[in-house]
Structure formats: structure tokens, C-alpha cells
1. Any idea which of B:59, B:73 is away from every other protein chain (no Cβ under 13 Å) and either closer than 18 Å to residue B:193 by Cα or assigned to a helix (DSSP H, G or I) (or both)?
2. Residues to consider are A:30, A:18; find the one that is away from chain B (no Cβ under 12 Å), in a helix (DSSP H, G or I), within 27 Å of residue B:62 (Cβ to Cβ) and touching a strand residue (DSSP E or B) at 6+ places or on another chain (Cβ under 9 Å).
3. Tell me, please, whether a residue that is of a type in the set (Val, Ile, Thr), more than 16 Å from residue A:7 (Cα to Cα) and assigned to a strand (DSSP E or B) can be found in the stretch A:69-76.
4. If the requirement is being in contact with a strand residue (DSSP E or B) (Cβ under 9 Å, 6 or more places away or on another chain) and either closer than 18 Å to residue A:45 by Cα or crowded, with 23+ Cβ neighbours inside 10 Å (or both), which of these qualifies: B:24, B:33, B:47, B:59?
5. If you take the residues in the stretch A:66-82 that are more than 7 Å from every other protein chain (Cβ to nearest Cβ) and more than 14 Å from the chain's Cα centre (by Cα), which one is surrounded by the most Cβ atoms within 10 Å (Cβ to Cβ)?
6. Could you tell me which residue of the stretch A:5-39 is nearest to residue A:58 (Cα to Cα), considering only residues that are hydroxyl-bearing (Ser, Thr, Tyr) and buried (at least 17 other Cβ atoms within 10 Å of the Cβ)?
7. Considering (1) out of contact with any Asp or Glu (no Cβ under 7 Å at 6 or more places or on another chain); (2) in contact (Cβ under 8 Å) with a residue 40 or more places away in the chain; (3) more than 8 Å from every other protein chain (Cβ to nearest Cβ); (4) not hydrophobic (A, V, I, L, M, F, W, C), say which one residue A:41 fails and leave the rest.
Amino acid sequence: MARTESLGPFEQLALTAILALHDEGYGVTIHAKVEELARPKTVSLGAIYVTLDRLEEKGLISSRQSAPTAERGGRAKRCYRLEALGERALHESAVMARRMGDSIAEIWGKDWIGNWGRQWGKQTG
Amino acid sequence: MGQTDGLNNPAPPKFIERLVARALPRDCREHVLGDLHERYTSPIGYLADAASAVPATILSRVRRATPLPFLLLETLLVYAGFLAAAYWSRKADGPPNAWEAASFTAIVMAGLLWKDAYSGPLTEPGFRPTPYSPPHPDWPPFWLRVMAGVYLTVYFSCGLRTFWWLAWPHQLHPMVTTMRAGCIASILISPLRIWLDAIREDRPRRAR
């Protein structure tokens, strides 16, 4: 099997957002989804463009221009979709994250994610 | 402020939008402006979004047009070109000067990066990231492009010289060396960029 691209944390977030938006994601919606996933960290719009561009250059995603809409001042969207290479890279990242989570759970106990999530939720409001 | 689009949603002021459109590379102008319009709530918020999006798209565009190893190689070639020109015209302009070579390299590279950022979309058929891209892929053959490059570099160097003189009259680049360095740099860089474009063919490209 060919080696897949290794993804950085931000690239993983962007690919997850594209997957969650069912290949209809574009700059604004991908940014909103990534911010939701990366909470409590804030994400700049520029960082999203750079990451999408890099992922597209790696062949992990592709883009298409949609029809112009009035809400956008008569301008088109650039919609992104996950390519097979991207799906594979994201799958590998998810498996690795799962393995990492399991290893930590062995030491800190199975309910550490829930406790930590609740504690973090309190801290961030 | 107070403008709306056709659906009575708040719209960014035309003047600011036009400025941002000017600053954005052509390749991503349409969708980035659309995104900024959609996120618009206030002029300050719009400017904050634009301040994040514009530099990011320019850098992204430059990175995509010219990979870092090529950029470093180009910088080296321009620097070497200036030193060679300085050695060539040492009788007219004095011995080579490292500071002059570095500042000349910085200016030429800034010009090239500017050109990379604002040239046509990378997906356009016949896009050539040479310093002086042709208006149409079939128009000038390679040698003509190099000749045009040499001519424009001389012109460019003279223009730069004027601005440089206005800003730093006591640190003026030697004229003959600058012109010769511009020619040498152009001759060295143009084939490199044409080669880069050729090897780029196999790389994944942005959908149209």
C-alpha cells in the first residue's frame, strides 16, 4: 500500500470539517466547523485558506466553483471535497488518535475523557 | 456603513471592498471576497477578516507558484549574478560590495514574489511562472521571452534606481553593475522557471 501524507493537527481539523460538511463546505462554513472542533482555541480565516490550499496541493482535497449567490454579493463559493487520498490520510489519523486515547485510558482510567471534557467545559464556559 | 445587498443584508462599504479586491491575488479574489461579504457584520470586523485573509492568500499563492528550494536557488542566482556583474564592471563602478549585492537581491526577489502573487490563475492553460510571463502561451518562443526579459530587467533596474535614489541618495547602486546584474539574473532565472513549470505539470492542480 502506498504511503499516505502525514497530517498536522490543523490539517486533520480541516479535513474533518470538509468530511462533516458532506463535500459542500466552503471557506466560511469550514472555518466555522474548524472553530467548533478546535474550541476553545480561535482560528483565523487566513489560516483556513492556507491550509485548504496546502491540502489541495497535496491532492488530499479538490475544489469546484459554485454558482454566484446574492448573499455573497453575487460572488461564487469555492466548495471543497475530500479525495480518496484525503480520506485515507484522515482515516489513518483517526486510528492513530484512537490508539493514543486507548493508551492514555489504560493509565488514567476509562472515564478520564468524560471528566476532562467536563472540567474543560467549566473552564471555558 | 449602512449599505445593504439585494436581500437587505448588511454589505461591506464598496470602497473597502474594492481595496481588498485589489490586494487579493486574482486566483482567489472571487471566493475570498464572497466569504468576507458573507461574514460581514461591521467595517472593523471586515477589515480584521481581510487583514487575516489577504496576507495568507498572498503567501499561499507565492508558496504554490514557487516552491521554497526554487526560491532559495533563485535568490542565490540573483546574488551570484550581481557579484558577477560587479566583477565585470569593476573598472566603472568599483569593486564588488556584499551589501549592494544583498540589497539588489532583496529588491529583485521582492519583485519576483510580487509577480508570482499577482500573475494569472495557476490553472490557466499556459501559465508560465517566468519573471515576464507571456500574454498568451503560443505567442513568443523561448528566446524571445528571454530577450524580453533582458529588456524589461534593464528597464526595471533603471526604474528601481530612481526610487532607490529618492529614498537613499547616498546609497545608490552603481548603474552599470545594476543593469548588468539585472540581465544576468534574468537569463539565469527564466530557464529555471520554465523548467519548474514543466515539472509542475504532473502535480495536482486546483479545480477550475
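Values quoted throughout were computed directly from the atomic coordinates according to the rules given, and no laboratory measurement underlies them. For clarity, every value in this text was computed on a predicted model and none was experimentally measured. Glycine also receives a Cβ, built like all others from the backbone with ideal geometry; neighbour counts cover every protein chain displayed.
1. B:73
2. The conditions single out A:18.
3. Within the stretch A:69-76 (the criterion being of a type in the set (Val, Ile, Thr), more than 16 Å from residue A:7 (Cα to Cα) and assigned to a strand (DSSP E or B)), the answer is yes, since at least one residue qualifies.
4. Criteria check complete, one pass: B:33.
5. Only one residue fits best here, namely A:79.
6. That would be A:16.
7. Only one criterion in (1) out of contact with any Asp or Glu (no Cβ under 7 Å at 6 or more places or on another chain); (2) in contact (Cβ under 8 Å) with a residue 40 or more places away in the chain; (3) more than 8 Å from every other protein chain (Cβ to nearest Cβ); (4) not hydrophobic (A, V, I, L, M, F, W, C) is unmet by residue A:41, namely (2).
Quick grid of which residues meet (1) within 14 Å of chain B (Cβ to nearest Cβ); (2) assigned to a helix (DSSP H, G or I); (3) surrounded by 14 or more Cβ atoms within 10 Å (Cβ to Cβ); (4) in contact (Cβ under 8 Å) with a residue 12 or more places away in the chain:
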| site | (1), (2), (3), (4) |
| --- | --- |
| A:48 | yes, yes, yes, yes |
| A:51 | yes, yes, yes, yes |
| A:90 | no, yes, yes, yes |
| A:100 | no, yes, no, no |
| A:107 | no, yes, no, no |
| A:114 | no, yes, no, no |
